[in-house]
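K.L.:
The structure follows.
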């Protein structure tokens, strides 16, 4: 870890948050010749960017995200060569199969809404699903399949971007939290950090579920919340499919060693805090529709939140940082259910053991899509946050988009749906999914 005296006094850009969006941005910006400082209160990919499923998909995305994601898949195909790193890239497609007529109708409706984008996604008959998954034993109604989708390993991707960014001259400071965005003459012009202040022409905020804390200091509304998700890695299993798979209650992808990353496809957990209650009007409708898939936990999380609000706590004294490395336990029953469903759906895999398991906090926004913006109200600031559980896949393209915004160039995408001001304007659509 670098020492505090290595904090530069100034940079072209300071990036707050070393998840995949921050690391990819640092790489592309350093490659473009910019003087880059990347800060993280913890470490590179210390939170959700290393805890994701690893799906790289356009399938079942909000239509506003589809153009960006289609271009991003082109980047993923060449990333291992560009970054000189093994990312476990597997272009095995995305296959969602279900035995529920209502779920299949929902997916068919999505496909109709995405038809104008010319995707290679198609609905599959029962026979076609069985052809792709000959060992599937569960009854199904059909499937949705995008052959050009794929998956990669989250623990490797952000780290590879960070390594290449360092080689290109980016300064990456782990354990150096951002305390506040500095503003002068109506413009964001630097960051106050734990190690001192750094001036910058531009500041990029991509601090995941903590982004709203730094915006709050400038009276900017970002109704950002979080949902806990649980994931596990199995023992090495017989081949099932190379596709990123979602079934009724289960999701998985094959890793390069033959094990699977496995999770519940339909359930998450909300560890209720005062902020969840504060934001309830924004999320009430979405949570109500997801009621069967979300479990509310009131108790330890609320007590911890109350303690963190006491004026003598570290979290209260450093609100921009809050918890440096929150311990996020996996929900055991979710993972055990996923194991049982996997064994039932694919009995040929035999006994499934869990070699590793983890939890992660997915940052959410009420409309289920991120903020990607250079907000006019805060010149000098860029924001990339609120990816609602599917931010790993577009990470490389987000880096490219942030580079273009930093340079004042055209991004090639219509970003109106992703503007920060939509919440203050009340222009918030119904989400396809909030996590």
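The values are calculated or read from the model by the stated rules, or taken from the named source; none is laboratory data. What you are looking at is a predicted structure, and each value in this text was computed from that prediction instead of being measured. Virtual Cβ from ideal backbone geometry, glycine too; neighbours counted across all protein chains shown.
K.L.:
Hey, among the residues in region 23-64 that are part of a strand (DSSP E or B) and touching a helix residue (DSSP H, G or I) at 6+ places or on another chain (Cβ under 6 Å), which one's surrounded by the fewest Cβ atoms within 10 Å (Cβ to Cβ)?
P.N.:
For region 23-64, the residue satisfying everything is 36.
Listed here are the residues, each with its yes/no results for (1) buried (at least 17 other Cβ atoms within 10 Å of the Cβ); (2) at pLDDT 95 or above.
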| site | (1), (2) |
| --- | --- |
| 395 | yes, yes |
| 399 | yes, yes |
| 403 | yes, yes |
| 409 | no, yes |
| 416 | no, yes |
| 422 | yes, yes |
| 425 | no, yes |
| 429 | no, no |
| 432 | yes, no |
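K.L.:
Which ranges mark the strands (runs of 3 or more DSSP E) fully within region 142-252 that have 2 or more residues being within 30 Å of residue 109 (Cα to Cα)?
P.N.:
142-146, 225-234, 244-246
K.L.:
Still on this structure: Of everything in region 69-107, what is touching a residue at least 24 places away in the same chain (Cβ under 8 Å), farther than 23 Å from residue 165 by Cβ, part of a helix (DSSP H, G or I) and over 20 Å from the mean Cα position of the chain (by Cα)? Give them in sequence order.
P.N.:
Within region 69-107, 101, 103, 104, 107 qualify.
K.L.:
Right, another one. State all residues of region 260-276 that are surrounded by fewer than 18 Cβ atoms within 10 Å (Cβ to Cβ) and either touching a strand residue (DSSP E or B) at 6+ places or on another chain (Cβ under 8 Å) or in a loop (DSSP other than H, G, I, E, B) (or both); if no residue qualifies, say none.
P.N.:
272, 275
K.L.:
Could you go through region 406-416 and let me know if any residue there is closer than 22 Å to residue 33 by Cβ and under 20 Å from the mean Cα position of the chain (by Cα).
P.N.:
no
K.L.:
Can you tell me which residues in region 108-121 are more than 21 Å from residue 247 (Cα to Cα) and either out of contact with any helix residue (DSSP H, G or I) (no Cβ under 7 Å at 6 or more places or on another chain) or touching a residue at least 60 places away in the same chain (Cβ under 8 Å) (or both)?
P.N.:
Within region 108-121, 115, 116, 118, 119 qualify.
K.L.:
What number goes with the only condition from (1) more than 23 Å from the chain's Cα centre (by Cα); (2) under 27 Å from residue 226 (Cα atoms) that residue 204 does not pass?
P.N.:
Only one criterion is unmet by residue 204, namely (1).
K.L.:
Here's something else I'd like to know. Quick check, is residue 184 farther than 19 Å from residue 90 by Cβ and crowded, with 17+ Cβ neighbours inside 10 Å?
P.N.:
no
K.L.:
With respect to the numbered conditions (1) buried (at least 24 other Cβ atoms within 10 Å of the Cβ); (2) part of a strand (DSSP E or B), which one is the sole condition not fulfilled by residue 359?
P.N.:
(1)
K.L.:
Tell me, yes or no, whether region 352-369 has at least one residue that is out of contact with any strand residue (DSSP E or B) (no Cβ under 6 Å at 6 or more places or on another chain) and without any contact (Cβ under 8 Å) to a residue 60 or more places away in the chain.
P.N.:
Looking for residues that are out of contact with any strand residue (DSSP E or B) (no Cβ under 6 Å at 6 or more places or on another chain) and without any contact (Cβ under 8 Å) to a residue 60 or more places away in the chain, one finds none in region 352-369, hence no.
K.L.:
While we're looking at this one, here's another question. Taking the condition over 24 Å from residue 8 (Cα atoms) and either over 22 Å from the mean Cα position of the chain (by Cα) or touching a residue at least 24 places away in the same chain (Cβ under 8 Å) (or both), does residue 155 pass?
P.N.:
yes
K.L.:
Can you tell me which residue among 342, 381 is more than 26 Å from residue 14 (Cα to Cα), at pLDDT 95 or above, crowded, with 21+ Cβ neighbours inside 10 Å and over 16 Å from the mean Cα position of the chain (by Cα)?
P.N.:
Checking each option against the conditions leaves just 342.
K.L.:
So, in region 378-407, how many residues would count as being in a loop (DSSP other than H, G, I, E, B) and in contact with a strand residue (DSSP E or B) (Cβ under 6 Å, 6 or more places away or on another chain)?
P.N.:
7
K.L.:
Filter region 294-325 down to the residues that are in a loop (DSSP other than H, G, I, E, B) and in contact with a helix residue (DSSP H, G or I) (Cβ under 9 Å, 6 or more places away or on another chain) and list them by number.
P.N.:
309, 310, 311, 313, 319, 320, 321, 322, 323, 324
K.L.:
Only one residue in 74, 109 is more than 25 Å from residue 396 (Cα to Cα), surrounded by fewer than 17 Cβ atoms within 10 Å (Cβ to Cβ) and modelled with pLDDT of 95 or more. Which one?
P.N.:
It is 109.
K.L.:
Does at least one position in region 277-289 carry a residue that is buried (at least 16 other Cβ atoms within 10 Å of the Cβ), at pLDDT below 90, within 26 Å of residue 106 (Cβ to Cβ) and in contact with a strand residue (DSSP E or B) (Cβ under 8 Å, 6 or more places away or on another chain)?
P.N.:
Yes, the conditions are met somewhere in region 277-289.
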